[in-house]
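For reference, the structure is listed below as structure tokens.
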Amino acid sequence: MNEALARPAVVTRLSELIGRTPLLELCRTATGSRLLLKLEMFNPTGSAKIRMARQMVLDAERRGELPPGGRIVESTSGNTGLGLAVVAAERGYAFTAVVDHHACADKLRAMRALGAELVYVTDGGTDDLATAAREELAERLAHGRDDTVFTEQHNNPSNGTGYASVAHELHEALDGRLDVLVAAVGTGGSLCGTARELRRLLPGVRTVGVEPEGSTAFGPPAHDYYQSGTGTPAGAPLGALVDFGLIDEGVKIGDVAAFATCRAVARTGLLIGGSAGGVVHEALRRLPALPPGSVVVALVNDGGEKYLDTVFDDDWMAARGLLAPAAERAVDEVLAKLRGR
């Protein structure tokens, strides 16, 4: 095993296990093009976002914004909050997560278990996404308090910086051979932060950003969607980290296609999260048309275990008009063909 990519044998903080996540070859074409999944669920908390959560806290410390025993406030749909909860616990900070009921219940329960205070911006009984309202409340909670910092993931440059390590891991693991990077676009941190460093290491790599239909980063129309932790919903400003100069193509994938892909991929033995389903769907769509021997990497920013009561629950899916057996079979057939089965 490459020493640079190996995890340390013994650590004293959970955050020391961040990074060095594996690559899984999901499938390949007859011409030798491969789709590799960067499995970020192997990070602590099961998500890529702990990379940038740690970076935001470390940079706030360096700027003198977080005194010992201070408080971190963030608006989150779950995974950023989980990462911040871990880092706050390790470093002796209190953490307040401003949330809505759109977030998966398991993420909310896990944040509370890790010691976070949850502040809901909406009453119970609705699972609408309330990103803009969450941001406003988080800012108010931190305003005027010398011991409190609003990490503001959507506009915090440290978010993007936290993903530079992904580029180095890909460059080293693939010996410099990477043709296309496909990733979700929410805050813009994971794709643009990775792409910025990749452009330095591998100038020829092509980047594809994926957002849910209903998200507005790549244009209207805006409407509700169920993919969690991604996109720019109606009423929310575009994150400052979304750099269109680092995104060669932007595409929209609907909830039905994204979730059908999650459920089909699960039948290969791998559980991936809802937004990762959209990323893998787009990567599968374009893989056969690429030049022979191409290498495509899809960033899988979290696993599917947090979505067992949503994406992988037939009743939940059917109640929202998202259950689509025919769409799942179509992805099954594509995977079977590309996996030689």
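Table for the structure above
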item	result
Cα gyration tensor, segment 20-61 - rounded (a/c under 1.5), prolate or oblate	prolate
Cα shape, segment 274-330, gyration tensor, a/c 1.5 rule	oblate
Alpha-carbon centroids, segment 170-188 and segment 142-163: separation in whole Å	25
Shape call, segment 120-243: gyration tensor on alpha carbons, a/c limit 1.5	oblate
Folded to 0 to 90 degrees: helix 49-62 orientation relative to the chain principal axis, Cα	40
Length-normalised contact order for the chain - Cα pairs under 8 Å, 6+ apart - percent	19
Degrees between helix 255-266 axis and first principal axis of the chain (Cα, 0 to 90, nearest 10)	70
Per residue solvent-accessible surface (Å²) - the chain, probe of 1.4 Å	41
At most 14 other Cβ within 10 Å, DSSP loop - trypsin sites (Lys or Arg not before Pro), segment 216-284	ARG267
Carbon/sulfur fraction of accessible area - segment 184-341, other protein chains in place, 1.4 Å, %	54
DSSP-assigned coil residues among trypsin sites (Lys or Arg not before Pro) in segment 87-164, each with at most 13 further Cβ atoms within 10 Å	ARG145
Candidates ALA103, ALA53, ALA324, ranked by Gaussian network fluctuation over the chain, Cα under 10 Å, top entry	ALA324
Three principal axis lengths of the chain [C-alpha, angstrom, descending]	60, 48, 37
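The values are calculated or read from the model by the stated rules, or taken from the named source; none is laboratory data. Keep in mind it's a predicted model, so treat the numbers as computed, not measured. FYI the Cβ positions are ideal-geometry reconstructions off the backbone, even for glycines, and counts take in every protein chain you see. These accessible areas exclude ligands, DNA and RNA; they are computed on the full protein's heavy atoms, side chains included. Shrake-Rupley method; radii C 1.70, N 1.55, O 1.52, S 1.80 Å.
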